[in-house]
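Enquirer: Sharing a structure here in structure tokens format.
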């Protein structure tokens, strides 16, 4: 599998990354190990998790994904695996993570406590890529970047990055790192798919010029681009089917991912994929990683069959006519996710 560099760091990773946000909720440890092993055997060396995983965040299974990944890492040679995890962002505003009393600031104290706890759960003495799950624009970046730099100097993390960040926040963080002489964000992990191309508006240019690598999550639009939600169907066991039973936050997420524009886009994409001789899932993952600013596309899988469909995108380059057809869909259904 093709290897790509994370920003300007010395870390290179497989062009496909396996996300683990359902391990501990939708998948038990045995099922998770089977999927992780299959990914490893097929060339994936990059794995992404977070302290609040699995989703949806709940007290009863908080930290389970990191714990499962840590147990799995123990079965492999540590140097053969690149591990990314995330510290929960600010515990105020739209979402209060159910950990540390909901007071999850991105200050020095919280960052160091969170990092130590993640190291213990992951059963490792270093984290390859440590990411801020949500930014806190009101807090600023000086203390956050200084604390992350200290963790790197202590050998506990190798590089760090942002997640769910804005164009302003990305440039503000870069300017602050330069001003303070701190290490900088090498990556940004944002939602990016055929049904959500907003990253192309400004962040893509920033990534190119600043040499920051995008790690797109939800390359198949939370499963929507697989076609499973076509005709507003919510199949048993699907992510958004489970969210129907959750609170207001999850219901708003359903409305964003599953709507007239996203489903209309999906119908056309499925035909384009069929004409190209592949599934819509394979096409969507291939499209996601076929951008010069993308280092690795983060896929999710609750079964080996789901994983195999995404793995078919490895080393796959979509021809220009297929790329143009996908662009035409975006013109018909602009900003499907709003």
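The values are calculated or read from the model by the stated rules, or taken from the named source; none is laboratory data. Here the structure is a predicted model, which is why all the values come from computation and not from measurement. Cβ sites come from the backbone with ideal geometry, for glycine too, and all protein chains shown count toward neighbours.
Enquirer: Please count how many residues of segment 146-198 are free of Cβ contacts under 8 Å to residues at least 40 places away in the same chain, part of a helix (DSSP H, G or I) and within 30 Å of residue 269 (Cβ to Cβ).
Expert: 1
Enquirer: What's the number of the condition residue 219 fails, among (1) part of a loop (DSSP other than H, G, I, E, B); (2) surrounded by fewer than 19 Cβ atoms within 10 Å (Cβ to Cβ); (3) touching a helix residue (DSSP H, G or I) at 6+ places or on another chain (Cβ under 7 Å)?
Expert: Checking residue 219 against (1) part of a loop (DSSP other than H, G, I, E, B); (2) surrounded by fewer than 19 Cβ atoms within 10 Å (Cβ to Cβ); (3) touching a helix residue (DSSP H, G or I) at 6+ places or on another chain (Cβ under 7 Å), the one that fails is (2).
Enquirer: Give the number of residues within segment 223-238 that are on the phi > 0 side of the Ramachandran plot, buried (at least 19 other Cβ atoms within 10 Å of the Cβ) and not in a loop (DSSP other than H, G, I, E, B). Full working, then the answer.
Expert: So in segment 223-238, the residues on the phi > 0 side of the Ramachandran plot come out as 223, 227, 231-232, 237.
Of the ones still in play, those that are also buried (at least 19 other Cβ atoms within 10 Å of the Cβ) are 223, 227.
Cutting the leftovers down to not in a loop (DSSP other than H, G, I, E, B) gives us 223.
Looking only at that region, the number is 1.
Enquirer: Return only the number of the condition from (1) on the phi > 0 side of the Ramachandran plot; (2) without any contact (Cβ under 8 Å) to a residue 60 or more places away in the chain; (3) surrounded by fewer than 23 Cβ atoms within 10 Å (Cβ to Cβ); (4) in contact with a strand residue (DSSP E or B) (Cβ under 9 Å, 6 or more places away or on another chain) that residue 211 does not satisfy.
Expert: Exception for residue 211: condition (2).
Enquirer: Next up: Which of the numbered conditions does residue 143 fail, given that it passes all the others? Conditions: (1) touching a residue at least 40 places away in the same chain (Cβ under 8 Å); (2) touching a helix residue (DSSP H, G or I) at 6+ places or on another chain (Cβ under 6 Å).
Expert: Failing condition for residue 143: (1).
Enquirer: On to the next question. Kindly list, by first and then second residue, each pair from a residue in segment 313-336 that is in contact (Cβ under 8 Å) with a residue 40 or more places away in the chain and at positive phi to a residue that is in a helix (DSSP H, G or I) and surrounded by 11 or more Cβ atoms within 10 Å (Cβ to Cβ), limited to pairs with Cβ atoms under 8 Å and residues at least 6 apart or on different chains.
Expert: Close Cβ pairs satisfying both conditions: 335/198; 335/261.
Enquirer: Now a separate question. What do you reckon, is residue 169 surrounded by fewer than 17 Cβ atoms within 10 Å (Cβ to Cβ) and at pLDDT 95 or above? Spell out the reasoning first.
Expert: Values: surrounded by fewer than 17 Cβ atoms within 10 Å (Cβ to Cβ): no; at pLDDT 95 or above: yes.
It is false that residue 169 is surrounded by fewer than 17 Cβ atoms within 10 Å (Cβ to Cβ) and at pLDDT 95 or above.
Enquirer: Another one. How many of the residues making up segment 258-293 are over 20 Å from the mean Cα position of the chain (by Cα), without any contact (Cβ under 8 Å) to a residue 40 or more places away in the chain and part of a loop (DSSP other than H, G, I, E, B)?
Expert: The qualifying residues number 2.
Enquirer: I'd like the full set of residues that are in a loop (DSSP other than H, G, I, E, B) and either surrounded by fewer than 21 Cβ atoms within 10 Å (Cβ to Cβ) or more than 16 Å from the chain's Cα centre (by Cα) (or both), limited to segment 294-304.
Expert: Here is the first cut: in segment 294-304, the ones in a loop (DSSP other than H, G, I, E, B) are 295-296, 300-303.
Scanning segment 294-304 gives 302, 303.
Enquirer: Ok, one more. Based on this model, can you work out whether residue 150 counts as touching a helix residue (DSSP H, G or I) at 6+ places or on another chain (Cβ under 9 Å) and either surrounded by fewer than 23 Cβ atoms within 10 Å (Cβ to Cβ) or over 22 Å from residue 296 (Cβ atoms) (or both)? Spell out how you get there, then give the answer.
Expert: Details: touching a helix residue (DSSP H, G or I) at 6+ places or on another chain (Cβ under 9 Å): yes; either surrounded by fewer than 23 Cβ atoms within 10 Å (Cβ to Cβ) or over 22 Å from residue 296 (Cβ atoms) (or both): yes.
So residue 150 fits the description; yes.
Enquirer: Can you say whether residue 285 is touching a strand residue (DSSP E or B) at 6+ places or on another chain (Cβ under 8 Å) and surrounded by 19 or more Cβ atoms within 10 Å (Cβ to Cβ), as far as the supplied structure shows? Reasoning before the result, please.
Expert: Working: touching a strand residue (DSSP E or B) at 6+ places or on another chain (Cβ under 8 Å): yes; surrounded by 19 or more Cβ atoms within 10 Å (Cβ to Cβ): yes.
Yes; evaluated as a whole, the condition is true for this residue.
Enquirer: Now for a different question. Yes or no: segment 69-81 includes at least one residue that is under 22 Å from residue 243 (Cα atoms), touching a strand residue (DSSP E or B) at 6+ places or on another chain (Cβ under 9 Å) and surrounded by 22 or more Cβ atoms within 10 Å (Cβ to Cβ). First the steps, then the outcome.
Expert: As a first pass, look at segment 69-81 and keep what is under 22 Å from residue 243 (Cα atoms): none.
Within segment 69-81, not a single residue is under 22 Å from residue 243 (Cα atoms), touching a strand residue (DSSP E or B) at 6+ places or on another chain (Cβ under 9 Å) and surrounded by 22 or more Cβ atoms within 10 Å (Cβ to Cβ).
Enquirer: So which of 323, 316, 307 is surrounded by 19 or more Cβ atoms within 10 Å (Cβ to Cβ) and either within 30 Å of residue 206 (Cα to Cα) or at pLDDT 95 or above (or both)? Outline the logic, then answer.
Expert: Numbers: 323 fails: surrounded by 19 or more Cβ atoms within 10 Å (Cβ to Cβ); 316 fails: surrounded by 19 or more Cβ atoms within 10 Å (Cβ to Cβ).
Only one candidate qualifies: 307.
Enquirer: I've got another one for you. Name, by its number, the condition in (1) closer than 24 Å to residue 200 by Cα; (2) in contact with a helix residue (DSSP H, G or I) (Cβ under 8 Å, 6 or more places away or on another chain); (3) in a helix (DSSP H, G or I) that does not hold for residue 255.
Expert: Looking at each condition in turn, residue 255 falls short on (2).
Enquirer: Continuing with the same structure: Only one of 104, 85 is part of a loop (DSSP other than H, G, I, E, B) and either out of contact with any strand residue (DSSP E or B) (no Cβ under 6 Å at 6 or more places or on another chain) or within 29 Å of residue 248 (Cα to Cα) (or both). Can you tell me which?
Expert: Values: 85 fails: part of a loop (DSSP other than H, G, I, E, B).
Among 104, 85, only 104 is part of a loop (DSSP other than H, G, I, E, B) and either out of contact with any strand residue (DSSP E or B) (no Cβ under 6 Å at 6 or more places or on another chain) or within 29 Å of residue 248 (Cα to Cα) (or both).
Enquirer: Then there is this: Mind listing just one residue for me: the one in segment 13-62 that is over 23 Å from residue 191 (Cβ atoms) and within 17 Å of the chain's Cα centre (by Cα) and, of those, surrounded by the fewest Cβ atoms within 10 Å (Cβ to Cβ)?
Expert: It comes out as 45.
Enquirer: Run down 111, 129, 119 and say which single residue is surrounded by 15 or more Cβ atoms within 10 Å (Cβ to Cβ), touching a helix residue (DSSP H, G or I) at 6+ places or on another chain (Cβ under 7 Å) and within 27 Å of residue 295 (Cα to Cα).
Expert: Numbers: 129 fails: touching a helix residue (DSSP H, G or I) at 6+ places or on another chain (Cβ under 7 Å); 119 fails: touching a helix residue (DSSP H, G or I) at 6+ places or on another chain (Cβ under 7 Å).
On inspection, the qualifying residue turns out to be 111.
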